[in-house]
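Comments concern the structure below.
What follows is calculated from the coordinates using simple rules that are stated; it is not laboratory data. No experiment lies behind these values; they were computed from the predicted model shown. Positions of Cβ are generated from backbone atoms using ideal geometry, with glycine treated the same way; all protein chains shown enter the neighbour counts.
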Amino acid sequence: MIRQIVFKEVLENLLSLRFVLSVLLTTSLFVVCGYTFVNGYGEQSKDYWKKTNENLSALREESNQLYKVAFYKQGIYRKPQSLGLCAEGFEQSLPNFFKVNAFTAELPDTEGQANFALPHFSHVDWVLIISLILSFTALVLTYNSICGEKEAGTLRLTLANTIPRHKVLLGKYAGTMITLAIPLIIGMLVSLIIIVPSKDVVIGGSEWLKILILVLVSLLYLSVFVLLGMFVSSRTGHSANAMAILLLVWIVSVILLPSFSRIVFDVIYEEPTEQELQRRLKEAREEIWDNHERYGKNAGSMSNNLSDPINNPPARARLQNAVTDATNQLLQEHHNRWLEQALARRNFACLSPAVIYQRACEAIAGTGINRCADLYGQVKLYRVDLKEFIRSRDMEDPDSLHLIGPERNMAYSWRTISHDPVDFDTVPKFQERDLALGQSLKLAIWDIGLLALFNLVFFAASFVSFLRYDVR
Amino acid sequence: MKEKGYAMIWKIAKKEFLLNLMTFKFAVGAVACIVLTAVFMPILAADYRQRLETYNGNVADNEAEIRNVIVYRNIRHTIYRPPAVLSAFSAGLEKQLAGSAKIELEKVPELSVTQRGGNPYLPILAVFDQSLIFKIIISILALLVAYDMVSGEREQGTLKLVLSGTIARYQVLLGKLIAGLITLSVPVIIIFVVGLVVLLSYPMVALSGSDWIRVGLMLVASLAFTVVMYQFGLLFSSLARRSAISMVLGLFIWIIFAIVIPNASVHLATQFRPLESPEKRDSRVISLKDDLANELGNVKVDSSGSLITSDERDAFGGYYAKRRDIYWLNAEQKLNSLTIPIKLRYADKSLSIEQSNLNSFFAQKDLARMLSFVSPISTYENTMAVLAGTDITSFVDFINQVRAHRNEVVEYIRSKTDNFSSASFFAICSEEESAEFTRLFLQVHQAKDEQAKASAEQALKEWERENPVKAEPLNLQDFPWFKYRPSPAADLRKAMPDLAALLIMNVVLFGMCFAAFARYDVR
């Protein structure tokens, strides 16, 4: 019997105007998404490789002397992700450039040109299409699934038979989900068909698996709205009223909540400003310099001639390292505050299933704010590796003073770090590691759980409401 | 007869209005709008207050600092843009763009992003403002009110009855249009009133006469926009036989207008009109910098005779020379009088490079705007941003005023320092003082024996006591202070095309509705 209801629902939906319109709209958007992604990705990866190679060749030139490798400020760029197709994660406006040498990793920066004259907009990616357009379609498909049948009088007829109510409900749910899966799958296939033949974008085995998971998460997300639609539909007597309520709920949760949370937190939290950071950095440095004797005699003074008695290389190195450590510490705190604030806004916005879905997709696709923060973490680890490499290489040089300190002049004129050439191939190079599938799933598991919870709540609600529904 | 026609239209309008008021969808929509406004307007106002406080703090700090400047070289203050009071209604680019510009001799200020220094992770969420309530909720409410105006009446059979009377179809349509206008103006006006009351209850908010004109035009724009959306609903209603179909059509057109077009137009504009590659742009900047360095390198000034350095910290992170020898002073004077004009010239040149970049930005923005013109929601958003003074043109206007101010400051410094050649440009000691100081200083250092040295030292000390270092702040009585003058007339002129577009859309849509309704099969 359920099968029959599912079949009937699917057929009815397939022939309806709303279904045709939604297929047309989503498919054309998926096409736009695919084409623009192929263009953009090709250019971005060309740019990325060019800049990365420039950085490496500059580093190669510096490798004629070990200390130069330590001091060379490398520019590390964010690699374009092939799954940006699915979830771009606002990466266009997130920081994409990191400067690092063996002593300090500067704060993430935005290199290149985002056109600031343009209004805030969302990249057209799968997440945008699914979270906005298809969730809307889900409501349009379900708003009259129960009260509409009541109005038409067919619900009475159905229930006059021996079929229990929960079977009707499940049948309708399954029917709508199948209908909704059609534009979803068609659209995804179309955009993948556009992507796969292009030589720029390479989608490997684990990416296919991630795409599969994305499809499942998308279905889970859409099912929230289908159940919501059925719930509201079984609470109201008129389909027009159901539509009004659903639209309001959709607008508030999908469109308004994310921007509400930003303004609310803009008012509550004071943003850590650049001036404040500079002031704190200055204070920390002054504090160290004012008490330079703490680090040993004459730590505060230096002359280029090593034999000059005012020089005290170990003390000087301690002092400079203390300055760098303090700087790194403050930068780290500042970055953490940035991240905390942005994440707090988004966590607040997680009352909205659309934001949860967005977050889950970003985690699976390996894009977005978490990836940027993770990349910065990797850059900082790389800095530690590089310093360790410099230290171990430096040990091989008997002429060096073996004082790895961040003052270039000291390394140059006193030879505190070796001036010997170093084999470029042995110098550690930065390599971005994508998160493994397991780890990205771990990141997304909470969000998937939340979506499942939404599903459960709305299912229970619609079940109870439908059981008590007055079909007259 | 004519009078009767009007009466008929009015009667229909009244009936429709009353019917609409009683509907569930209207109640839901209107209550949601009003509650949202009442809840979020205080937050928006608090946000404005915060920005205003930051602005006032910045301006005060800056003015205090500028009053401490000791030599003309260090007048390098920052100009801040006051936050727009109506930004609560339309945030525009207020949170994206830098509202400040630094006045320097070496550089002409240009528009820039606020990003640097700000939290780079924030763009993951959009900015909220009052116009969001209009463009999202009111627009969908308008569609919901309109979708069954014609097809719903046909389904109920009342349309047949109405048209069987002597009333003309256009009168029915006009009546329905007026009814929609009146119905929807209820929430629109309430939102404006509630919003303004909340906004004005904050003591720091003061609306000037021109602000009230802006608010008035915003109201007109909001009403015009609402009616456009209402007429879309009416058009679909008179195209479809069943109200369910007209609703689906309305909802899909809404999602296209509200979500697809605003995002896709920007997206496509960045694809169709890509910006120049950063390398190419940077290469021009670098070559200009090289030219500047060359030209500055050609300026040969002999400063080898300089003896003493004594620089002190000045305001804005600069330095001034306290007591220097006359050789250095003269060399520096000559150097400044030669290099500063070169730097000024190159500042203008680099401005033209910057502007060609900005023009490519603007071209992209204009394309995006043209593409989004199809959607009344985008047009409405533009109108609101222009009227609130938060769109890009108001920032351009600000930066132009800052540039004019910089020219005034440059002229001021030029006139005060005799074309940058006077010592007061960088030092607090005059030439005579310096000459005397140098003479005494040399006496000490070139003394033949101890006795002569002692007496020379004595003389130097004596002189230093009589002529103590006087580091006094500049007298800025005739300094050209910056005063931001918003140009309401120009803003209103800029809003006119969009406003006109909304009105024209109304007329065209009414024509289409009329054509559709005139041929509507009422059976």
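The label point for B:ILE342 and the one for B:PHE24, both projected 7 Å from the Cα toward the Cβ, are 8.0 nm apart. Compared with the dominant Cα axis of chain B, that is its longest principal axis, helix B:2-21 is turned about 70°. Using the Cβ-Cβ distance between B:GLU279 and A:LEU456 with R0 = 51 Å, the FRET efficiency computed as 1/(1 + (r/R0)^6) comes to roughly 0.45. Taking every residue in B:358-368 and counting other chain Cβ atoms within 10 Å of its Cβ, the average works out to 3. Here the residues B:MET22, B:MET149, B:MET512, ranked from fewest to most Cβ neighbours within 10 Å of their Cβ, fall in the order B:MET22, B:MET512, B:MET149. Long hydrophobic helices in chain A: the complete DSSP H runs spanning 30 Å or more by Cα along their own axis with mean Kyte-Doolittle hydropathy of at least 1.0 are A:165-195, A:205-233, A:437-467.
Peptides A:185-193, B:440-448, B:233-241 ranked from most to least packed give B:233-241, A:185-193, B:440-448, packing being the mean of other C-beta atoms within 10 angstrom over each peptide's residues. Averaging the Cα positions of each part gives two centres, and for region B:1-40 and region B:432-495 these lie 75 Å apart. Legend: mean number of C-beta atoms from other chains within 10 angstrom of residue C-beta atoms, peptide A:341-354, equals 2. For region A:456-472, the residues whose backbone nitrogen is under 20 Å from a point 7 Å from the Cα of A:ILE163, taken along Cα to Cβ, are A:459-460, A:462-472.
Let's test the formula: R0 of 30 Å, r as the Cβ-Cβ distance of A:LEU17 and B:PHE373. What FRET efficiency results, to the nearest 0.05?
That gives a FRET efficiency of 0.65.
For chain B, the longest principal axis of the Cα atoms and the long axis of helix B:243-255 meet at an angle of about 10 degrees. Under 12 Å from a label point 7 Å along Cα→Cβ of B:PHE272: give me every residue in region A:11-50 with its amide N that close. Under 12 Å, as judged by backbone N against the label point of B:PHE272, lies no residue of region A:11-50. Region B:64-129 and region A:171-207 have Cα centres separated by 45 Å. Going from the residue with the fewest nearby Cβ atoms within 10 Å to the one with the most, A:CYS147, A:CYS361 rank A:CYS147, A:CYS361.
Starting with the highest mean, order B:54-60, A:171-177, A:136-142, A:38-44 by the number of other Cβ atoms within 10 Å, averaged over the residues of each peptide. Show your work: numbers first, answer last.
On the way: B:54-60: 14.3, A:171-177: 22.1, A:136-142: 25.7, A:38-44: 17.7.
My ranking of the peptides, most packed first, is A:136-142, A:171-177, A:38-44, B:54-60.
Using a simple spin-label model with points 7 Å from Cα along the Cα→Cβ vector, what separation in nm is obtained for A:ASN328 and A:THR154? Calculated label separation equals 6.9 nm.
In this label model, B:TYR170 and B:LYS453 are separated by 11.0 nm, measuring between points 7 Å along each Cα→Cβ vector.
Across region B:38-72, the residues whose backbone nitrogen lies under 17 Å from the label position 7 Å along the beta-carbon direction of B:ASP478 are B:72. Is there a simple number for the mean count of other chain Cβ atoms within 10 Å of the Cβ of residues in A:286-296, and what is it? The mean count of partner-chain Cβ atoms within 10 Å per residue comes to 0. By other beta-carbon atoms within 10 Å, ranking B:PHE272, A:PHE103 with the fewest at the front produces B:PHE272, A:PHE103. Taking only the Cα atoms of region A:2-467, the radius of gyration and Dmax are 29.2, 105 Å.
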